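The values are calculated or read from the model by the stated rules, or taken from the named source; none is laboratory data. Note that the coordinates shown come from a computational prediction; the quantities given were computed from them, not determined experimentally. Positions of Cβ are backbone-derived with ideal geometry, glycine not excepted, and every protein chain shown enters the neighbour counts.
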Amino acid sequence: MLPVDVRPDVIGRITCGSLTAADAESPVTLKGWVNRRRDLGGLIFIDLRDRFGLTQVVFNPEVDAGAHEIANKLRNEYVIQVDGIVRSRPEGTVNPKMATGEVEVEAHGITILNESKTPPFYINEEGDFDEALRLKYRYLDLRRPSMQNIMLLRHRVVKYMRDFLDDRGFVEVETPLLIRSTPEGARDFLVPSSAQPGEFYALPQSPQILKQLLMVSGLDRYFQIARCFRDEAQRADRQPEFSQLDIEMSFITPEDLMALMEQLMIEITENFTEKTIQQKPFPRMTYADALDRYGNDRPDLRYGMELQNVSHALRGTGFKAFAGVLEAGGQVKAIVVPGCGTYTRKQIDEITELAKSAGAKGLATIAITDEGVKSPIAKFLTETEITALTNGIGAGTGDLVLLVADQAPVVAKTLSALREEFGKRLELADPNVMAYAWIVEFPLLEWDEDGNRWDATHNPFCGYFEEDEALLQSDPGNIRSKQYDLVANGNELGGGSVRNHKRAQQEKVFDLMGLSEEIQMDRFGSILTALEYGAPPHGGIAFGLDRTIMLLAGEESIRDVIAFPKNNRGADVMFDAPAPVETGQLDDLGLMLKPAPIA
RNA sequence: GGAGGUGUGGUGUAGUGGCCUAACAUGCAGCCCUGUCAAGGCUGAGAUCGCGGGUUCGAAUCCCGUCACUUCCGCCA
């Protein structure tokens, strides 16, 4: 996947991945770890490993009895230095599976630089080890070539991003990690201050306001590999601290930015992976369309199985469960699962449970078998209705039709979950394809039932289409934002927008969100004021760097592309963090712990 | 906060009420072996089956509780 490093390296060391037949008869010194020892009694072979590769070393008592004697004591993961001579391997012993398989090093001297206990898991072969153990001994986990390849990939991709942006006039600026807490969005990680006891910094959830302020400064093009912090529950693709490729530009349109970012992602994908890009230029899909066809705003476009509205085929149906939903303004939608018409009662029950956990009240199924239609709801529907329904969505013999009837958001969520489940089960998604797409025209605001107010769907700084200005008063839920998300293979890789660059514009959004003038100034005074001093039109985007690397590397967990990740509970099991602190430290901060954790 | 899954020598697994005095592979230790490269051969050590309670004549296996890890829902402007 990645090019092998050249040799010798900057300090003149010969690495274990670099010797070739051309080096035969040269004296050489190698340093590295014992990957494997093969003791034939007389001869001892060692595979010496470093980051760059493996080289076989031979200890022959007739060549150097002293070195052979020491080699008897070697064990896996010992760190050694070998002095010897590069030899072409004897006829018939060349190993074509090794990059250095044409040669070996005949040892004339050996120094054991450090011994090693037997590691808790294998380093010299790949395997699926307990993740808690891997995290506890992360330094050993990272010694495995597969993990080192990921770290190397990450390094190279980030370097490519920096060079790409530098070539185009972007400036990398570091923004502070100790900032002010805002109760909007995710829960903040708080950092108490000893200079001002009782007051707290917060770690940034993203440098959003800071990068906009840099646009007001006239920096024009900013980027940063920004560390972000969110004190929320973890997932396979979510960590409490993570990295974003954060970008902001002045005087741009959404089109400008999407075109530039698209070029960057294409180049990275094609330069660093063997994966093919499903469609170039990346397809565009509106938020409404994505929700309608896939049930979510980050669809996996590598396979079909789209959601299909069958409400029209059931208009006037006598089946009360469906009729009731339709009368209440709901909908009935379906997906056709190919080849699953033979599912047993037990399997149907299983996916019904899945549907319920996604929020549906139930799941209706129609199996189309050789012996005809099998369905628990068949007796409630007329033959005409069933035929119209199955024909209308292209279901054929052997297929299983899954139907959900409810209000649109519940239908979308349920069928989206089912579609993804069957996408996995039936292996519909090609792992060698990257299906990028832009999702556009998000609603600017969504109604928050609990807070009884409008809330920003993306972030409150997101701009909106001027032609929708009138809707601010009449129909805020239908204002289209200037937001764009980049999705790939069912993941949201990044999102951004063209921002509000005038104070009045921005205040209108805050007003709709129910923020009083006082609160607006208290929380967002810096940016509101800055927008009054010649803020240029600007916009940007932020990519989840870890997630991007995860997809490029073909990994299923974000933890596998982070050197020292937290576990599912946000804990670092190597350092045992978080941990209690000494009373004196709390005293300095003017803090006192409550007697028991709040349940 | 909720739901599911998993937990058996160092590691990865098998064992779903008695045949378990817990099996297999690998790793580990010792011995043999001069062309191996997942070296090979022989011998050996190593697990109170996550923890606690219960059911049973009998529990790795069934039940309850608990802990840890993990996946998903909630949450993630």
Cβ-Cβ below 6 Å, separation at least six or inter-chain, first residue in the stretch A:122-144 and at positive phi, second surrounded by 12 or more Cβ atoms within 10 Å (Cβ to Cβ): which pairs? none
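Just checking, which of A:L219, A:L214, A:L257 is more than 11 Å from RNA strand B (Cβ to nearest atom) and either under 21 Å from the mean Cα position of the chain (by Cα) or surrounded by fewer than 20 Cβ atoms within 10 Å (Cβ to Cβ) (or both)? Reasoning before the result, please.
Working: A:L214 fails: either under 21 Å from the mean Cα position of the chain (by Cα) or surrounded by fewer than 20 Cβ atoms within 10 Å (Cβ to Cβ) (or both); A:L257 fails: either under 21 Å from the mean Cα position of the chain (by Cα) or surrounded by fewer than 20 Cβ atoms within 10 Å (Cβ to Cβ) (or both).
So the residue among A:L219, A:L214, A:L257 that is more than 11 Å from RNA strand B (Cβ to nearest atom) and either under 21 Å from the mean Cα position of the chain (by Cα) or surrounded by fewer than 20 Cβ atoms within 10 Å (Cβ to Cβ) (or both) is A:L219.
Somewhere in the stretch A:158-171, is a residue within 16 Å of RNA strand B (Cβ to nearest atom) and either charged (D, E, K, R) or over 20 Å from the mean Cα position of the chain (by Cα) (or both)?
Of all residues in the stretch A:158-171, those within 16 Å of RNA strand B (Cβ to nearest atom) come to none.
The answer is no; no qualifying residue exists.
Only residues that are surrounded by fewer than 15 Cβ atoms within 10 Å (Cβ to Cβ), part of a helix (DSSP H, G or I) and near RNA strand B (Cβ under 10 Å from one of its atoms): list them for the stretch A:129-143, please. Full working, then the answer.
Residues of the stretch A:129-143 surrounded by fewer than 15 Cβ atoms within 10 Å (Cβ to Cβ): A:129-130, A:132-133, A:139.
In the following step, the residues that additionally are part of a helix (DSSP H, G or I) were identified as A:132-133, A:139.
Once the filter is applied, which keeps residues that are surrounded by fewer than 15 Cβ atoms within 10 Å (Cβ to Cβ), part of a helix (DSSP H, G or I) and near RNA strand B (Cβ under 10 Å from one of its atoms), the stretch A:129-143 yields A:A132, A:L133.
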Return the total of residues in the stretch A:410-435 being within 15 Å of A:R298 (Cα to Cα) and either free of Cβ contacts under 8 Å to residues at least 40 places away in the same chain or more than 16 Å from RNA strand B (Cβ to nearest atom) (or both). 2
For the stretch A:161-196, how many residues meet the condition of being over 20 Å from A:D522 (Cα atoms) and either part of a strand (DSSP E or B) or touching a Gly at 6+ places or on another chain (Cβ under 7 Å) (or both)? 2
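Quick check: anything in the stretch A:530-545 surrounded by 21 or more Cβ atoms within 10 Å (Cβ to Cβ), at pLDDT 95 or above and farther than 30 Å from A:H155 by Cα? Steps first, please.
Taking the stretch A:530-545 first, the residues surrounded by 21 or more Cβ atoms within 10 Å (Cβ to Cβ) are A:531, A:535, A:538-545.
Next, from what is left, pick out any that are at pLDDT 95 or above: A:531, A:535, A:538-545.
With the extra rule that they be farther than 30 Å from A:H155 by Cα, the set shrinks to A:531, A:535.
Taking every residue of the stretch A:530-545 in turn, at least one turns out to be surrounded by 21 or more Cβ atoms within 10 Å (Cβ to Cβ), at pLDDT 95 or above and farther than 30 Å from A:H155 by Cα.
Would you check if there is a residue in the stretch A:508-522 being within 11 Å of RNA strand B (Cβ to nearest atom) and within 30 Å of A:M258 (Cβ to Cβ)? Steps first, please.
So the first thing to find is which residues in the stretch A:508-522 are within 11 Å of RNA strand B (Cβ to nearest atom), and the list is A:509, A:513.
Among the residues that remain, those that are also within 30 Å of A:M258 (Cβ to Cβ) are: A:509, A:513.
Among the residues of the stretch A:508-522, at least one is within 11 Å of RNA strand B (Cβ to nearest atom) and within 30 Å of A:M258 (Cβ to Cβ), which makes the answer yes.
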Those residues of the stretch A:100-128 which are crowded, with 17+ Cβ neighbours inside 10 Å and among the hydrophobic types (A, V, I, L, M, F, W, C), in sequence order: A:V103, A:V105, A:A107, A:I110, A:I123
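Which of the residues spanning the stretch A:323-359 are of a type in the set (S, T, Y) and either part of a helix (DSSP H, G or I) or within 19 Å of A:K413 (Cβ to Cβ) (or both)?
First, pick out the residues of the stretch A:323-359 that are of a type in the set (S, T, Y): A:342-344, A:352, A:357.
Matches in the stretch A:323-359: A:T352, A:S357.
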Any hit, the stretch A:485-492, residues being under 20 Å from the mean Cα position of the chain (by Cα), exposed (fewer than 14 other Cβ atoms within 10 Å of the Cβ) and more than 15 Å from RNA strand B (Cβ to nearest atom): no
Any idea which of (1) surrounded by 15 or more Cβ atoms within 10 Å (Cβ to Cβ); (2) modelled with pLDDT of 90 or more; (3) assigned by TED's automatic domain parsing to the domain that holds A:Q407 is the one A:G295 doesn't satisfy? (3)
Within the stretch A:552-562, which residues are more than 14 Å from RNA strand B (Cβ to nearest atom) and either surrounded by 15 or more Cβ atoms within 10 Å (Cβ to Cβ) or not assigned by TED's automatic domain parsing to the domain that holds A:Q208 (or both)? A:L552, A:A553
For the stretch A:15-59, how many residues are small (G, A, S) and away from RNA strand B (no atom under 13 Å from the Cβ)? 6
Checking A:P565 against (1) part of a loop (DSSP other than H, G, I, E, B); (2) surrounded by fewer than 19 Cβ atoms within 10 Å (Cβ to Cβ): exactly one of these is not met. Which one? (2)
In the stretch A:334-356, anything free of Cβ contacts under 8 Å to residues at least 24 places away in the same chain and either among the polar types (S, T, N, Q) or outside the structural domain of A:L402 (by TED's automatic domain parsing) (or both) is listed as A:T344, A:Q347, A:T352
Filter the stretch A:60-105 for residues that are of a type outside the set (V, I, T), assigned to a strand (DSSP E or B) and more than 11 Å from RNA strand B (Cβ to nearest atom) and give the result. A:Q81, A:D83, A:G84
Close pairs (6 angstrom Cβ cut-off, 6 or more residues apart or separate chains): in a loop (DSSP other than H, G, I, E, B) in the stretch A:216-229, surrounded by 20 or more Cβ atoms within 10 Å (Cβ to Cβ) anywhere: A:D220/A:S250
Exactly one of (1) within 20 Å of A:T457 (Cα to Cα); (2) part of a helix (DSSP H, G or I); (3) touching a residue at least 24 places away in the same chain (Cβ under 8 Å); (4) more than 16 Å from RNA strand B (Cβ to nearest atom) is unmet by A:M265. Its number? (1)
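For the structure I just gave you, tell me whether A:A395 is crowded, with 17+ Cβ neighbours inside 10 Å and in contact (Cβ under 8 Å) with a residue 40 or more places away in the chain.
So A:A395 fits the description; yes.
If I filter the stretch A:44-58 for residues that are in a loop (DSSP other than H, G, I, E, B) and at pLDDT 95 or above, do I get at least one hit? Spell out the reasoning first.
Taking the stretch A:44-58 as the starting set, the residues that turn out to be in a loop (DSSP other than H, G, I, E, B) are A:51-52.
Remaining after also requiring at pLDDT 95 or above: none.
For the stretch A:44-58, residues in a loop (DSSP other than H, G, I, E, B) and at pLDDT 95 or above: absent.
Within the stretch A:45-71, count every residue that is among the β-branched types (V, I, T) and in contact with a Pro (Cβ under 9 Å, 6 or more places away or on another chain). Give the derivation first.
First, pick out the residues of the stretch A:45-71 that are among the β-branched types (V, I, T): A:46, A:55, A:57-58, A:63, A:70.
Applying the additional criterion that residues be in contact with a Pro (Cβ under 9 Å, 6 or more places away or on another chain) yields none.
The qualifying residues number 0.
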Failed criterion for A:E427 (all others in (1) in contact with a helix residue (DSSP H, G or I) (Cβ under 9 Å, 6 or more places away or on another chain); (2) part of a loop (DSSP other than H, G, I, E, B) hold): (1)
Only one of (1) charged (D, E, K, R); (2) at pLDDT 95 or above; (3) within 16 Å of RNA strand B (Cβ to nearest atom) fails for A:K275. Which number is that? (3)
